[in-house]
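No lab work stands behind these numbers, since they all come straight from the coordinates. Bear in mind the structure is a predicted one, so any value in this text is a computation, not a measurement. Note that we place each Cβ from the backbone using ideal geometry, even for glycine, and neighbour counts take in every protein chain shown.
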């Protein structure tokens, strides 16, 4: 999802407000077997929510714990969050990489990766695993265009990020520093290469040469690179799951943004597929619910064809949430799609309500009980 920006985290990793609640600990790394995620030889259900903001909005230890606890109360096992924030001037708030005149420096201090240590500790204390995304297609929290602007030049084409040797080297350097810190941490479920990679980004500029081969080649290179430094964790893209059928009349199926879901699912160094679902944002306004049902079924078909797990890791509507999500969750269940993560979790904290982009599901929302109901249903399939 394309977001509004935010910042910071402070606090320690110890979570006193857990009380006497018994929670599972992160022992063992998540793996895959065919279309199933596994943990210590048994099936593991990836189900939960997105919380991009949990490490970037100045939460106290107590509030961070509450945010994860609100997700865990739905029966969730997994949370997707941002592992990036690129800035061009140092701040006192949380950031993970500082760019100065084309030179990147990874922030390993208390406002950098030390900050992310707290996110990991809080997730672990609440019995949750983390899917961590390592850069953004969009300009929120920096993303690909910072690499392009700093290393190639202001206003250069967004898609140069995927092919330029300098941007690729800088991305690898960041990934190596971040990933290496958590190689032996089982709370990390998976690394994702980027949030919603496309040929175009927030500026809308493209060289005109970017296509599905461009991004598939980048995906192959970078997923293999992560595997070379971390054999413990799964790797995925973090893409929207667009198909590549130029004859289709539907934008998300046409391949115009450089994503070929089926080709990417066959990359050997990718462990599972990802898809997002925002029919209205994608122009599918006549029947958003029905479009979503078909989208889920089509990705479940690819899952079976290529025998890899596929998760609907972002999905959202801003109206008729209960009715739409009931049908979508039911289709996830009946189609056999491996798992899902709703966009996005919300909480009421001492600092106020967490970010609401219109899709946020707070604990008092009518959609919150659906998360509980269908989390239980998906777990029962295994």
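A few comments on the model shown:
- Within the listed set 358, 292, 55, the Gaussian network model of the chain (springs between alpha-carbon atoms below 10 Å) gives the highest mean-square fluctuation for 358.
- Potential lengthening between residue 333 and residue 207 on full extension [0.36 nm per residue; Cα-Cα distance subtracted]: 41.3 nm
- Sequence-distant contacts, meaning Cα pairs under 8 Å at least 6 residues apart, place the relative contact order of the stretch 42-380 at 17 percent.
- Note on residue 110 and residue 364: their simple-model spin labels are 3.5 nm apart, each label 7 Å out from Cα toward Cβ.
- When the Gaussian network model of the chain links Cα atoms closer than 10 Å, the mean-square fluctuations of 258, 48, 155 top out at 155.
- Taking every DSSP bridge with both residues inside the stretch 44-198, close to 20 percent are antiparallel.
- Listed from fewest to most Cβ neighbours within 10 Å, the set 282, 138, 295 follows the order 282, 138, 295.
- Segment residue 200..residue 262, full-extension length gain: 20.3 nm, with 0.36 nm per residue of separation and the alpha-carbon distance subtracted.
- Separation in nanometres of the label points that stand 7 Å from Cα toward Cβ, at residue 305 and residue 380: 3.1 nm
- Sorted by Cβ neighbour density within 10 Å, fewest at the top, the residues 242, 178: 178, 242
- Read-out volume of the Cα convex hull per residue in Å³, derived from the coordinates shown; its label in [x] 156; [y] 123; [z] 141: [y]
- Cα centroid separation - the stretch 107-128 against the stretch 32-85, whole Å: 13 Å
- Full extension of the chain between residue 214 and residue 40 yields a length gain of 59.0 nm, computed as 0.36 nm times the residue separation minus the alpha carbon distance.
- Its DSSP H runs of at least 4 residues, each contributing -39,500 (n - 2.57), put the calculated 222 nm mean residue ellipticity of the chain at -10000 deg cm²/dmol, to the nearest 500.
- If both residues of a DSSP beta bridge must be in the chain, then about 30% of such bridges are antiparallel.
- Exposure proxy for 306, 171, 52, 253: other Cβ atoms within 10 Å of each Cβ, ordered fewest to most, give 306, 253, 171, 52.
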